[in-house]
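In what follows, a single structure is set out as structure tokens and then discussed.
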Amino acid sequence: MNRREGVMNQRNGNNGLSRRRFLATTVAASAALSAPAALGQGRPRVVVVGGGAGGATAARYIARDSKGAVDVTLVEPTRAYYSCFFSNLYIGGFREYASIGHSYGALAASHGINVVHDWAVSIDRDKRSVGLAGGGSLSYDRLVLSPGIDFKPGSVPGWDLSQQNRMPHAYKAGSQTQLLRAQIEAMPEGGVYCMVAPPNPFRCPPGPYERISMVAHVLKQANPTAKILIVDPKAKFSKQGLFEDGWQRHYAGMIERIGPDFGGDKVEVRPGAMEVVIDGEVTKVDACNVIPAQQAGRIAAVAGITNDAGWAPVVAHTMQSRADENIHVLGDASQQGDMPKSGFSANSQAKVCAMAVRGALTGSKVFAARFSNTCWSLIGTDDGVKVGASYEATDEKIAKTDGFISKTGETAEVRKATYKESLDWYAAISGDMFG
């Protein structure tokens, strides 16, 4: 979430990031030239469901690098993609809403991808067919699922999707992001903003806490006596020391976090009354951001490839489903090992997947899978921090091999440079996804 992730120096993360370096580094994972085998009549067909960081990247790389040897269809219901990563910066007033929106036109025009704006509602694994809400179906030789997340019903007592306008989640970017920002701006003087944070695992581990920083940034300027309350079921969270240090420096006295030791794992919401009940104690709030427990997007469960936890286990070398070798699962929906659920992770996994799919369908060379991720977060103006790692595929999982994280006490120049890296990465990944 916003989630500023990118390719960095994998040992210390101190090098700057240019668009050219990002593309040069990440393209290496899928640089094999296609060498089409005899395919009989017609081209092999790949259907990609989900047009985010995983799906759009996979569709583009399969189509581009197969040089027309593979027929690629991307199924995505929305005509514009609004990225969760960097959506917090919109909430904080650092970006315009339009800047996180992207169209699919270039994928169709430049790469010959058939972009179908519809919902995938069924998958027949025996017939290798995807059913669409608008009627009809799409046949595939390989299916790539990158559906993102859905929320686990009942994970926050008192909240369900019917209450998302009263207490927005804003964890799927778009109108929910705009709504949450409007509610924050409409808070009365001295009001209370509450976030119900999610349990592990969830999309973008530092995302909720960057959002807290961005809300605090807005309130400090427009409503300085307002208070922020975080109700958190987790004992600890990503970049905790960095965030807490930043909150003390920028927003002293504004933010209170209630962890599981004090009832953060025993919460109920009452949207009609705008109340949050923490371990039996009722608190009135003026804006409430409920981020429920998460699972793979519904189409993965429909396909019958999810486990009891609601995620889709995959083979790390190829991102193939462990339940069906003709299906690959990317990004947030996958259970793959050590990588966080992030936009950069999805983009990195998509390139490994694209290479594996091309290899299977065209006979092109397949290299050993390598992955990388960086998650950036903005705490205050020009105060950027990051965490990242390199990974490799093993037979059991995607395994972390090296990592880095920002440190407290860094100079203003270092933090500003880190924020600049995130801006460069966002421009680079946007081009990498959509061409």
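Looking at the structure I just gave you, is Ala63 out of contact with any helix residue (DSSP H, G or I) (no Cβ under 6 Å at 6 or more places or on another chain), crowded, with 20+ Cβ neighbours inside 10 Å and aliphatic (A, V, I, L, M)?
No, not satisfied.
Given the criterion β-branched (Val, Ile, Thr) and without any contact (Cβ under 8 Å) to a residue 12 or more places away in the chain, identify the matching residue among Val414, Val387.
Sole residue among the options that is β-branched (Val, Ile, Thr) and without any contact (Cβ under 8 Å) to a residue 12 or more places away in the chain: Val414.
With respect to Thr225, is the statement that it is in a loop (DSSP other than H, G, I, E, B), in the same structural domain as Glu325 (by TED's automatic domain parsing) and of a type in the set (Val, Ile, Thr) true? Spell out the reasoning first.
Numbers: in a loop (DSSP other than H, G, I, E, B): yes; in the same structural domain as Glu325 (by TED's automatic domain parsing): no; of a type in the set (Val, Ile, Thr): yes.
No; evaluated as a whole, the condition is false for this residue.
Return only the number of the condition from (1) buried (at least 23 other Cβ atoms within 10 Å of the Cβ); (2) over 29 Å from Ile305 (Cβ atoms); (3) touching a Ser or Thr at 6+ places or on another chain (Cβ under 7 Å) that Ala350 does not satisfy.
Failing condition for Ala350: (2).
Answer yes or no: is there a residue in the range 82-99 that is more than 23 Å from the chain's Cα centre (by Cα), hydrophobic (A, V, I, L, M, F, W, C) and closer than 21 Å to Gly54 by Cβ.
The answer is no, given that none of the residues of the range 82-99 is more than 23 Å from the chain's Cα centre (by Cα), hydrophobic (A, V, I, L, M, F, W, C) and closer than 21 Å to Gly54 by Cβ.
Report the residue count in the range 396-430 for those that are surrounded by fewer than 22 Cβ atoms within 10 Å (Cβ to Cβ), more than 23 Å from Asn88 (Cβ to Cβ) and touching a strand residue (DSSP E or B) at 6+ places or on another chain (Cβ under 8 Å).
So the answer is 6.
Please tell me if Gly431 is outside the structural domain of Ala63 (by TED's automatic domain parsing), under 29 Å from Ala69 (Cβ atoms) and modelled with pLDDT under 95.
Against the criterion (outside the structural domain of Ala63 (by TED's automatic domain parsing), under 29 Å from Ala69 (Cβ atoms) and modelled with pLDDT under 95), Gly431 does not qualify.
Can you tell me which residue among Ala216, Ala170, Ala197 is in contact with an Asp or Glu (Cβ under 9 Å, 6 or more places away or on another chain) and among the hydrophobic types (A, V, I, L, M, F, W, C)?
Ala197
Could you tell me which numbered condition Ala368 fails, if it satisfies all but one of (1) touching a His at 6+ places or on another chain (Cβ under 9 Å); (2) among the small types (Gly, Ala, Ser); (3) under 18 Å from Thr57 (Cβ atoms)?
(3)
Return the residues of the range 100-109 that are surrounded by 15 or more Cβ atoms within 10 Å (Cβ to Cβ) and either out of contact with any strand residue (DSSP E or B) (no Cβ under 7 Å at 6 or more places or on another chain) or in the same structural domain as Pro168 (by TED's automatic domain parsing) (or both); say none if nothing qualifies.
Ala106
If you take the residues in the range 172-193 that are under 23 Å from Pro77 (Cα atoms) and of a type outside the set (A, V, I, L, M), which one is surrounded by the fewest Cβ atoms within 10 Å (Cβ to Cβ)?
Out of the qualifying residues, it is Ser175.
Scan the range 237-251 and report the pairs whose first residue is not assigned by TED's automatic domain parsing to the domain that holds Tyr209 and whose second residue is part of a helix (DSSP H, G or I) and open to solvent by less than 20 Å² (accessible area, probe 1.4 Å), with Cβ atoms within less than 8 Å and a gap of 6+ or a chain change.
none
Scan the range 110-123 and give yes if some residue there is part of a helix (DSSP H, G or I) and either out of contact with any helix residue (DSSP H, G or I) (no Cβ under 6 Å at 6 or more places or on another chain) or open to solvent by 20 Å² or more (accessible area, probe 1.4 Å) (or both), otherwise no.
First, the residues of the range 110-123 that are part of a helix (DSSP H, G or I): 110-111.
From what's left, either out of contact with any helix residue (DSSP H, G or I) (no Cβ under 6 Å at 6 or more places or on another chain) or open to solvent by 20 Å² or more (accessible area, probe 1.4 Å) (or both): 110-111.
Yes; the residues of the range 110-123 include at least one that is part of a helix (DSSP H, G or I) and either out of contact with any helix residue (DSSP H, G or I) (no Cβ under 6 Å at 6 or more places or on another chain) or open to solvent by 20 Å² or more (accessible area, probe 1.4 Å) (or both).
Every residue, every condition in (1) open to solvent by less than 10 Å² (accessible area, probe 1.4 Å); (2) touching a Pro at 6+ places or on another chain (Cβ under 9 Å); (3) assigned to a helix (DSSP H, G or I); (4) more than 20 Å from Ser377 (Cβ to Cβ), yes or no:
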| residue | (1), (2), (3), (4) |
| --- | --- |
| Ala170 | yes, no, no, no |
| Met195 | yes, yes, no, no |
| Arg211 | yes, no, yes, no |
| His217 | no, no, yes, no |
| Phe243 | yes, yes, yes, no |
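Those residues that are open to solvent by 10 Å² or more (accessible area, probe 1.4 Å) and not hydrophobic (A, V, I, L, M, F, W, C), I need them from the range 365-380; list them, please.
Result: Lys365, Arg370, Ser372.
I'm trying to understand the selection: among the residues of the range 44-102, which are among the hydrophobic types (A, V, I, L, M, F, W, C) and in a helix (DSSP H, G or I)? Before you say what the answer is, go through the steps one by one.
Of all residues in the range 44-102, those among the hydrophobic types (A, V, I, L, M, F, W, C) come to 46-49, 53, 56, 58-59, 62-63, 69-70, 72, 74-75, 80, 84-86, 89, 91, 94, 98, 100.
Once the filter is applied, which keeps residues that are among the hydrophobic types (A, V, I, L, M, F, W, C) and in a helix (DSSP H, G or I), the range 44-102 yields Ala56, Ala58, Ala59, Ile62, Ala63, Leu89, Ile91, Ala98, Ile100.
Could you say whether any residue in the range 133-155 is within 30 Å of Ile278 (Cα to Cα), of a type in the set (D, E, K, R) and either buried (at least 18 other Cβ atoms within 10 Å of the Cβ) or touching a residue at least 24 places away in the same chain (Cβ under 8 Å) (or both)?
yes
When only residues in the range 306-333 that are small (Gly, Ala, Ser) and farther than 22 Å from Ser129 by Cβ count, which is most open to solvent (accessible area, probe 1.4 Å)?
Ala309
The values are calculated or read from the model by the stated rules, or taken from the named source; none is laboratory data. Being a predicted model, the structure only gives us computed values, none of them experimental. Because the Cβ atoms are built from the backbone with ideal geometry, glycine has one as well, and the counts that use them run over all protein chains shown. For the accessible areas, the whole protein counts, side chains as well, though only heavy atoms, and no ligand, DNA or RNA atoms are used. Shrake-Rupley method; radii C 1.70, N 1.55, O 1.52, S 1.80 Å.
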